[in-house]
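Let me begin by presenting the structure, written as structure tokens, before commenting on it.
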Amino acid sequence: MTVLENIKAKAKELLEAKEVEVVIGFAQGTLPGKCTPYFARTTEEVERFVWQDGCNLNLANYLSKFSGKVGIIAKGCDTRSIINLIKENQVNRERIYIIGANCPSMGSCHNCRHPQGVIADFYAEQVQLNNQDDFSDVEAFEELLSEERKNYFYQEMSKCIRCYACRNVCPACYCKECFVEENLPCWLGKTTDLADNIIFHLTRTMHVAGRCIDCGACVRACPMEVNLSLLNRKLLKDIQELFNTEPGLSLEAEPVLNEYKEDDPQPFLIGGEESV
Amino acid sequence: MFDYQVSKREFQNWLIKMQEEYEVWAPVKVGKNYTWGSWDGGSFPDEDYQNTLKPPKDLFFPQYEVLLKYKKVKGKRPLIIEPDLPQEKRIIWEVRPCDARSLTILDRVFINKDYEDPYYSHRRKNTVVISLVCQKPGLGCFCKDPLTTEGSDLMLLDCGDTYLVKLVSVKGKGLIKNPVFTADKPINIPMELPANPFNLEIADKDLAEKLEVIYRSPLWRELQEKCVNCGVCTFLCPTCHCFDLTDDQKGKKVRSWDSCMFASFTKQASGHNPRPTGAERLRQRVMHKFRYFFENHGIFACVGCGRCVEKCPVNLDIREVLQRIKEVQ
Ligand code: SF4
Ligand code: SF4
Ligand code: SF4
Ligand code: SF4
């Protein structure tokens, strides 16, 4: 059986046995190469599922839309976001059934290390892949002069139209009230002035630091092709180097910024280097 | 029927001459995309020019602008400083016909018998719109007529080394009062223009009536399920015109685009939100475009430019939405 057949068979089984009320997956989109989130509630609807290049949103984002038992077809990134959501008490593990499958859009992300699900109740395929994320893109950027980095960053930030698609497709951005919508008083100007844009992005980046799993959903959602990946990946690299960890890999490990140890490396403080 | 045929070189020279008096704006390629920018005096659209990412509404109704400034004055009424209204004369060219048409929709909102928005109307009056006929519709396009002249002052059709030019408005005609362009008789379109691949005949008025009936339909809930309530479809729409007014700390009153798809759009001071879920928000977007605007102005507030179709991050396709609405019994 193909991966898709496995996925469909499991989804039908779950719906027939009433183990879940809906299965979250993808259907064919209306434009070439596009897939669209799809919520199957009957075995007939399951037939519309696809699993192919283009299934590249992070479906974990939709879990909170449903209150009952939910099945979800999850690739590596989605499972890592699910882990985070469980740990942050946003999703109850008992309520979700995870159908794990390898990411079908392989090759589109920078040396993805976890294309296969990290947790699942059922795996639709069993291929172990091992890539190494080398962060060479971030390293190349770090090599640039500060003026060059600033110019590039300003250029990217000035493209933003503040549509918040990046935030709204991100499973880590689940705040009911985001700081950008605070208006009594206004925390942040509603303009696309460079300063307002930068504050939005830096605050968001810091708020998802240690929780962002680099699924790239935000980057793909952005209509203006703002390079958000660099910011997210810089933080992932720092987390890797400073704390030797990656977010969303285990249900037990404490999220890295939720924890404080006296011997935490603090190279960003004056004299901090020595304490490493 | 077009009025003139000119070589691209002649046209370019004419436009360069115009730069003495006008700012000339054109689609400028940045990376893979086109954005509105100052014309360099030399570039012509590439083969791959479909349309600009952001619509030209930004040039008339910018994403944000300072409407006025105020200062506290001790013991007196606050001092209000009104900005100078935009006076520059502009030509924007290579505007797609759907986008030119969208300006006539914005005109109905910002320049009407009850109210004239000075910021918008100054820019609009000082700008000449030269459109360029689409010969190859984009993936999401569903305009009714790629030859529509609504909103254009002049219209161009690319014929390789030459342009056919159509005089549309008085403003457009005035621009070429000493024609460098010559023609003996009206010129027919020399090529077959493609029929629209996805013609929804959205301009049939049954749609507005249908929408009235299905206001409470469960369809909205179903259609919006995958929507993430971002601002892509409305911000990139050439006809969407909702805005917010905010005061910054320094005494500036700022107008900025807002979106009916945002959860915060209708949130009231009490905390109550009359459009609490995505279903009410999607319904509002569709109702405004295809029912309320039609009832008020006799025209749909959608020109079929396809931006929302191509850029929606979850592929919630307005053409599909309209199709589903049509199918409701
Ligand atoms: S910030 Fe972007 S890459 Fe990170 S989890 Fe959110 S959507 Fe994915
Ligand atoms: S999706 Fe892109 S344009 Fe929209 S707010 Fe995010 S970075 Fe800005
Ligand atoms: S662009 Fe798509 S996801 Fe965003 S609000 Fe519009 S329909 Fe919803
Ligand atoms: S609703 Fe969509 S297709 Fe219609 S004018 Fe707006 S962006 Fe273009």
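The values are calculated or read from the model by the stated rules, or taken from the named source; none is laboratory data. Since the model is a prediction, treat every value here as computed from it, not as a measurement. Heads up, the Cβs are rebuilt from the backbone with ideal geometry, glycines too, and the neighbour counts pull from every protein chain shown. The area values use the complete protein model at the heavy-atom level, side chains included, leaving out ligands, DNA and RNA. Shrake-Rupley method; radii C 1.70, N 1.55, O 1.52, S 1.80 Å.
Going through (1) more than 16 Å from ligand 3 (Cβ to nearest atom); (2) without any contact (Cβ under 8 Å) to a residue 12 or more places away in the chain; (3) acidic (Asp, Glu) one by one, residue B:295 falls short only on (2).
Considering only residues that are touching a residue at least 24 places away in the same chain (Cβ under 8 Å) and closer than 16 Å to residue A:198 by Cβ, look in the stretch A:164-179 and name the one that is least open to solvent (accessible area, probe 1.4 Å). Here the answer is A:166. Of the numbered criteria (1) within 14 Å of chain B (Cβ to nearest Cβ); (2) of a type outside the set (A, V, I, L, M); (3) more than 16 Å from ligand 1 (Cβ to nearest atom); (4) out of contact with any strand residue (DSSP E or B) (no Cβ under 8 Å at 6 or more places or on another chain), the one residue A:66 fails is (4).
Taking only the stretch A:195-206 into account, find how many residues are surrounded by fewer than 18 Cβ atoms within 10 Å (Cβ to Cβ) and either within 12 Å of ligand 2 (Cβ to nearest atom) or more than 12 Å from chain B (Cβ to nearest Cβ) (or both).
Taking the stretch A:195-206 first, the residues surrounded by fewer than 18 Cβ atoms within 10 Å (Cβ to Cβ) are A:195, A:198-199, A:202-203, A:205-206.
Next, only the ones that are either within 12 Å of ligand 2 (Cβ to nearest atom) or more than 12 Å from chain B (Cβ to nearest Cβ) (or both) stay: A:198-199, A:202-203, A:205-206.
Counting residues in the stretch A:195-206 that are surrounded by fewer than 18 Cβ atoms within 10 Å (Cβ to Cβ) and either within 12 Å of ligand 2 (Cβ to nearest atom) or more than 12 Å from chain B (Cβ to nearest Cβ) (or both) gives 6.
I'd like the residue in the stretch B:197-216 that is under 15 Å from residue B:285 (Cβ atoms) and modelled with pLDDT of 90 or more and, out of all such residues, is farthest from the other protein chains (Cβ to nearest Cβ). Filtering the stretch B:197-216 for residues that are under 15 Å from residue B:285 (Cβ atoms) and modelled with pLDDT of 90 or more, the one farthest from the other protein chains (Cβ to nearest Cβ) comes out as B:215.
Scanning the stretch B:234-256 for residues that are within 16 Å of ligand 2 (Cβ to nearest atom) and more than 9 Å from chain A (Cβ to nearest Cβ) yields a total of 2. Quick check on my filter: what residues within the stretch B:139-155 are at negative phi and either surrounded by 18 or more Cβ atoms within 10 Å (Cβ to Cβ) or not in a loop (DSSP other than H, G, I, E, B) (or both)? Across the stretch B:139-155, the qualifying residues are B:140, B:141, B:142, B:143, B:146, B:148, B:149, B:152, B:153, B:154, B:155.
Here residue A:64 passes the criteria (1) open to solvent by less than 40 Å² (accessible area, probe 1.4 Å); (2) in contact (Cβ under 8 Å) with a residue 24 or more places away in the chain except the one numbered (1). Residue pairs whose Cβ atoms lie under 8 Å apart, sitting 6 or more positions apart in sequence or on different chains, and linking a residue in the stretch B:279-290 that is at pLDDT 95 or above to a partner that is among the hydroxyl-bearing types (Ser, Thr, Tyr) and assigned to a helix (DSSP H, G or I), are B:285/B:234.
Among the numbered conditions (1) more than 9 Å from chain B (Cβ to nearest Cβ); (2) on the phi > 0 side of the Ramachandran plot, the only one that residue A:162 does not meet is (1).
Just to be sure, is residue A:75 among the charged types (D, E, K, R) and open to solvent by 50 Å² or more (accessible area, probe 1.4 Å)? Explain how you work it out, then say what you get.
On the way: among the charged types (D, E, K, R): yes; open to solvent by 50 Å² or more (accessible area, probe 1.4 Å): no.
For residue A:75, the condition - among the charged types (D, E, K, R) and open to solvent by 50 Å² or more (accessible area, probe 1.4 Å) - is not met.
In the stretch A:112-147, the residue that is surrounded by the fewest Cβ atoms within 10 Å (Cβ to Cβ) out of those that are in a loop (DSSP other than H, G, I, E, B), modelled with pLDDT of 85 or more and of a type in the set (Gly, Ala, Ser) is A:120. Those helices (runs of 4 or more DSSP H) of the stretch B:259-329 in which at least 2 residues are more than 10 Å from chain A (Cβ to nearest Cβ) and away from ligand 4 (no atom under 12 Å from the Cβ), considering only elements entirely within it, cover B:278-287, B:293-297, B:318-327.
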